[in-house]
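Asker: Encoded as structure tokens, here's the structure I'll be asking about.
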Amino acid sequence: MKKVFVILMFAAVIGTAAFAQQGLFSAGLVVVPNFGGQTDPDLNKSTYFGFGYGAYFDAKYAVVNLGLNSVTPYYDGTMDPTGTNYLTFGLLGKYPIAIGEKFTIAPAVGLDYQLFLNSGISRADLENTGYEASDVAEQFDNFVIKFGALADFTIIGGLYVRAGVLADLGLPHKDREPADLTFGVSIPIGIGYRF
């Protein structure tokens, strides 16, 4: 699965370069509030609130996202003080539909890979306590399917603002039941520039 994601990211970067020659390339900065819960029956009262930020590179029909996301879980309404931090890599395919001269809406679907950084204990510390790197990846890294829509509004020239709503469906880890899913919503809000 990771190899497939790397290939898709590489294809998106190549595609971005191709579109850039046609003047269809843009880039921007984004903040991403996100929230959701879990279907794990042992954590049926578990919810989370997260806040991410990063950069995106847009090639009209594809968006590559890079960023950091900090997630705070709540169990039975009580906040877990440690929280969890991830480095995120995302790829969205989208189909922009112009509505007037300044407004565009784009249905979107894609995949995020969340690389675990720390949660009270760092990735490196986990590996130093006996975890193999592959074990850390299987237990703590996440794949998230995303689908929803993005909207862009041109301010002036190539400058525009972006907002969106994306449903998040986190795939279960290798040793968990297929029904143990994480679900949520992310709301990217950003500003970009078309070259």
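A short reminder: the numbers here are calculations on the coordinates, not readings from a lab. The model shown is predicted, which means the values in this text are computed figures rather than measured ones. With ideal geometry, Cβ positions are generated from the backbone for all residues, glycine too; neighbour counts draw on all protein chains shown.
Asker: Output the relative contact order of the stretch 70-195, whole-number percent, from Cα pairs under 8 angstrom with separation of 6+ residues.
Answerer: Value for the stretch 70-195: 19 percent.
Asker: What list of ³J(HN,Hα) couplings, whole Hz, do you get for the stretch 120-126 from phi and the Karplus terms 6.51, -1.76, 1.60, once you set θ to phi - 60° and write x for glycine and proline?
Answerer: For the stretch 120-126, the Karplus curve yields x, 9, 7, 4, 5, 5, 4 Hz.
Asker: Of all trypsin sites (Lys or Arg not before Pro) in the stretch 39-136, which ones are in loop regions per DSSP and have a Cβ with at most 15 other Cβ atoms within 10 Å?
Answerer: When the trypsin sites (Lys or Arg not before Pro) of the stretch 39-136 are filtered for loop state and at most 15 Cβ neighbours within 10 Å, 45, 102 remain.
Asker: With only alpha-carbon pairs counted, each pair once and no self-pairs, how large is the Kirkwood hydrodynamic radius of the stretch 25-108 in angstroms? Mind dumping the intermediate values first?
Answerer: Numbers: mean 1/r = 0.0670 Å⁻¹.
Every distinct Cα pair counted, the radius reaches 14.9 Å.
Asker: For residue 25, enumerate residues with amide H under 5 Å from its amide H, sequence gap 5+ or separate chain, H modeled in the peptide plane.
Answerer: 195
Asker: Another question about this same structure. If you take the Cα Rg of the stretch 56-146 and divide it by 2.2 N^0.38 Å, with N the number of residues, what do you get?
Answerer: Taking N as the residue count of the stretch 56-146, the ratio is 1.43.
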